[in-house]
Each structure stands twice: as C-alpha cells, then as structure tokens.
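Scroll down for the structure; my scribbles are underneath it.
The values are calculated or read from the model by the stated rules, or taken from the named source; none is laboratory data. Keep in mind the model is a prediction, meaning the values are calculated, not measured. Cβ placement follows ideal geometry from the backbone for every residue including glycine, while neighbour counts extend to all protein chains displayed. Keep in mind that these areas ignore ligands, DNA and RNA; they rest on the heavy atoms of the full protein, side chains included. Shrake-Rupley method; radii C 1.70, N 1.55, O 1.52, S 1.80 Å.
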Amino acid sequence: MKPKYHRTSYNPLKWSVDNIDRQVVEHVPNGSTVLELGCATGFMGHWLEQHKNCTVTGVEFSQAEARLASKKLSHVISANIEDVERLKTLLTKHKKKFDVILATSILEHVRNPNEVLRMLRKFLLPSGVLIASTPNIAHWSTRWMLLTGRWEYEQYGIMDRTHVVFFTHDSFATMIQDSGYQIQL
C-alpha cells in the first residue's frame, strides 16, 4: 500500500510562491539542524539535506513511512508525537538541540498540541525557530460547505478525516504563543 504522504519527485521551488511547502523550505536557513515532526517518507527533509545542507532528524508515527524516511534522512525517530514522555526520552537520547523545528500540517492531528510544543522548546537552541503551519478551518471553502449544510471529510486538506483539532488563523497563533513561542511573520 502506498503511504498517504509520499512524494517521489519533490522540488517545492518549482511551485507557486503561495505554496506552503515552498514557504517552509525558504524559511529554513542553510546548514540548519532540523527536527521535522511528521516527516512521512522524508521527502521534505531529504530536499533540505540535499539543497540547503541541513541535517534533518525526522519523527514519524507510521512504521512503514519511518522505514522509508530512514533511507533519506540523517536520523529518524519512530514515535507518536502525542506520547510526549516517550518522545522526550528519545530526543534526550539523541543528545541534540535544533536550529529549526518543523511542525507543518501535523499539529491538527494531535489531541494536545500545546503539550507537544511546550516539551519541544527544550530541544530548540536559544536562537532556534519553530516553523509551523496548519489548515485554516475558516477558509472560504469550509465556510461555503457549512453554508450549504454540509460537513464532509476528505482524504487530504482542510477536512482531512484524520484531523482531531481544527484551527483558525487566530486560534493557531494563540496556541503557539500559549506554548511559549513568539510569532514572527
């Protein structure tokens, strides 16, 4: 079975400047140590290692995707990020702090993202940054669906059936700040 989040050909710089993956990789400084939460099969981290000389540690819940990612990334931790204590133990054994923590399109899959983000601050260098993104439940397409009396889950996107938390722009910003981070745009 093909993994849900997998790219065989991945070059985000070929995409629109509005594409979230392109914006993410453009914000990662060259030569950074990166912790990528929900790395899937490692396609973004691999691109960062190849094109921005980064060292990427991926965290992935799916055993199958973690195995594929381990062939591409410097290091992969197979763990459920919701198990905060186990993740903390595994990261402590890793003995590394990171310049960048990537939490792109992952926090909406976590029941308590505040707890995860608060714990991860211990593994961020003082000059480090969290780069986080999430779908916006207040997007016009979702509003339209609600106005027409529908709430339909999908395989991907805002209404992904595996999302357990939904955010608006403001509620996401509040959650990030409540977790101890400062927002810079």
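Please tell me if I101 is part of a loop (DSSP other than H, G, I, E, B), touching a Leu at 6+ places or on another chain (Cβ under 7 Å) and surrounded by 17 or more Cβ atoms within 10 Å (Cβ to Cβ). Talk me through it step by step, then tell me what you get.
Values: part of a loop (DSSP other than H, G, I, E, B): no; touching a Leu at 6+ places or on another chain (Cβ under 7 Å): yes; surrounded by 17 or more Cβ atoms within 10 Å (Cβ to Cβ): yes.
No.
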TODO: Scan segment 105-163 for residues that are of a type in the set (A, V, I, L, M, F, W, C), open to solvent by 40 Å² or more (accessible area, probe 1.4 Å) and touching a residue at least 24 places away in the same chain (Cβ under 8 Å) and jot them down.
DONE: L125, V129
TODO: All but one of (1) farther than 26 Å from H169 by Cβ; (2) in a strand (DSSP E or B) hold for K96, so report the exception by its number.
DONE: (2)
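Are any of the residues in segment 38-46 more than 22 Å from G157 (Cα to Cα) and in contact (Cβ under 8 Å) with a residue 24 or more places away in the chain? Steps first, answer last, please.
Within segment 38-46, the first condition is being more than 22 Å from G157 (Cα to Cα), and the residues that meet it are 46.
Now restrict to residues that are in contact (Cβ under 8 Å) with a residue 24 or more places away in the chain: 46.
Yes, segment 38-46 has at least one match.
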